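Remarks on the structure that follows.
Each reported figure results from applying straightforward, stated rules to the coordinates on display, with no laboratory input. Note that this is a predicted model, so its numbers are computed, not measured. Methodologically, a virtual Cβ is constructed for each residue, glycine included, from the backbone with ideal geometry; neighbour enumeration extends over all protein chains shown.
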Amino acid sequence: MNKTGPGKIALTALKTLFKKPATTEYTGKGSPEVEKHYRGRILYDPTTCVACGLCMRDCPTGAIQIINEGTKEDKKLVAILNVGKCIFCCQCVDSCNKNSLSYSQDIDFAMTKKEDLIIKL
Amino acid sequence: MHSDNRITIPIGPQHPSLDEPGRFDITLEGEKVVNAVIGVGYNHRGLEKTCESKTYVQNLYIIERVCGICSHAHGTAFCMAIEQLAGVTIPKRAEYIRAVVAELERLHSHLLWLGVACHEIGFDTMFMYTWRNREKVLDILADLGGNRVNYGVNTIGGVRRDIDADMVETIRKALDALEEETKHYVEIAYTETTLISRLKGVGVLSHEDAIRYGAVGPVARAAGIAHDVRVDEPYGAYKEIPVKVITDTHADVYGRTVVRILEMQESINIIRFCLDNLPDGPLSVRVPRRIPAGETIIRVEAPRGENIHYLRSNGSDIPDRVRVRAPTEANWHGMKHMLEGGYLADVPITIAAIDPCYSCTDRAIVVKSGAKTDCYDWRGLRQYGIDWYKKRGIDVTALKV
């Protein structure tokens, strides 16, 4: 491949001049565009969850917790994710037999307080 | 620090040639290196011990983080070890996807190395070219696994991500572009006189020395040793994939550069073969959580060379012992020999030429004090610390952690 020559250099320079920037602008509102399979915010569906605890057992950092806020008869399951601990490997999604967990492309987690990193899914 | 006409120059520990800590005490006579002391051990993370306290599934993600560049090679080796102990055969499609990711990883590792090596010798244009092209590979890996590094493709019993028809087309397109660029690199490696004269005769590790010091990967292959695990002891899809072992006879940094550039071309061919012959079928099979008792050793060809994983199971869902021998660990032994006899200005490129990964290497540190060695358990060490501070008038017992 011939990369030299003033004509070629000038053409590349002109092309680069009018090219869109390689970086994307982040406005702070909404999540920026990421890859199709990017593993972002974990989504939780309490209606199918049976609280087997496999996700908690397999999580390498102990970031996810499924707790029952209701009574034994009237269950009200919630999933709590510590974003500060989570490495977004999505092993919890793979471990879930009932497909109650899934992942989205949302990567907007930045918080000013450490306590706010613990979120309800 | 000098005696007679010798000067000792400490290089490091803040990134001597690559962005990781390592200390090299170089004794010079004029400009010539007469003695080199290699000091690694600044990056001990206790990975193996951590693995012994977590389940096999959790360990997948720890093992993947042994190395940022060869994350897939380590993950594959660990998964293969578990699968072998469990007596599980993984689906053909999973084996092929593992091979595709492994070769993509080799491509991006070699492109990264080529860029860094060119930067070390002041050839920054090439550095820009290679790193621009590396982005193409990283984009594919990000599309496939979701991340640029630590793709998380491997799982026990197969793979987690599939390569669909669209992805096959994307990879093919990127490979066509990359092949053109690689041809340009081959041309540069064979014809660019400044590059050749800068690298030839630098950091020589001859054929006999490479065998004596147990060099692996491109360092060994550059010395004419046709050693490649993918060919010597084929695993997974490599049993069916034709792999050409790239060797060179220069036995110096130039030889290692040529081997790596030609290996990139070979990787492109392997990925094309895999995509053409990608079998249909499931991605993974179920593996029991409790792995039967036993021990195994797995060898995998990582981009930097032969990667060895040892795994011992006691029948529970937590491994009894995990041992990781990263390729760099084998290549450190010849480093002293490579540095001695060379010039000070060649030290950074000689160190960079083995593509060292410092943190992958650090496993355990033995401190030899000579006269007296003390051995402490955790409680004893804590007490020793408390007493040490007490002697200096500081009471730390009241402190709560």
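What to note about this one:
- Per residue of peptide B:142-152, the mean number of Cβ atoms on other chains within 10 Å of the residue Cβ is 4.
- Enclosed volume per residue, in Å³, of the convex hull spanned by Cα atoms of region A:36-108: 90
- Residue ranges B:220-229, A:83-92, B:26-35 sort as B:220-229, A:83-92, B:26-35 when ordered by packing (mean number of other C-beta atoms within 10 Å per residue, highest first).
- When B:Arg363, B:Arg198, B:Arg382 are arranged by Cβ crowding within 10 Å, least crowded first, meaning fewest neighbours, the order is B:Arg382, B:Arg363, B:Arg198.
- Averaged over the residues of A:59-65, the number of partner chain Cβ atoms lying within 10 Å of the residue Cβ comes to 3.
- Computed Kirkwood radius, in angstrom, where 1/r is averaged over Cα pairs of the protein assembly as shown: 25.7
- Region B:255-401 - percent relative contact order, Cα under 8 Å, separation 6 or more: 13
- Residues B:His333, B:His110, ranked from the fewest to the most other C-beta atoms within 10 Å, line up as B:His333, B:His110.
- Each stretch of four or more DSSP H residues adds -39500 (n - 2.57); spread over every residue of the protein assembly as shown, this sum gives -12500 deg cm²/dmol at 222 nm.
- Comparing mean-square fluctuations of A:Thr27, A:Thr12, A:Thr47 from a GNM of chain A with C-alpha springs under 10 Å, the top value falls on A:Thr12.
- Along each principal axis, taking the top coordinate minus the bottom one, the Cα set of chain B gives 70, 59, 37 Å in descending order.
- Principal-axis analysis of the Cα atoms of chain A puts helix A:6-17 at an angle of about 40° to the longest axis.
- Averaging Cα coordinates gives a centre for region B:297-349 and one for region B:162-223; these two points are 20 Å apart.
- Its relative contact order, with pairs defined as Cα atoms under 8 Å and 6+ residues apart, puts chain A at 30 percent.
- For region B:222-279: rounded, prolate or oblate by the Cα gyration tensor [a/c cutoff 1.5]: oblate
- A Förster radius of 51 Å, combined with the Cβ-Cβ distance separating A:Cys52 from B:Asn43, puts the computed FRET efficiency at roughly 0.85.
- Separation between Cα centres of region B:93-157 and region A:80-121, rounded to whole Å: 27
- P(r) histogram, all alpha-carbon pairs of region B:23-156 included - 5 Å bins from 0, percent: 2, 9, 14, 15, 15, 14, 12, 8, 6, 3, 1, 0, 0
- Counting other Cβ atoms within 10 Å as a rough exposure proxy, the listed residues B:Trp388, B:Trp378, B:Trp131 run B:Trp378, B:Trp388, B:Trp131 from fewest neighbours to most.
- Relative contact order, percent, chain B [alpha-carbon distance under 8 Å, six or more residues apart]: 24
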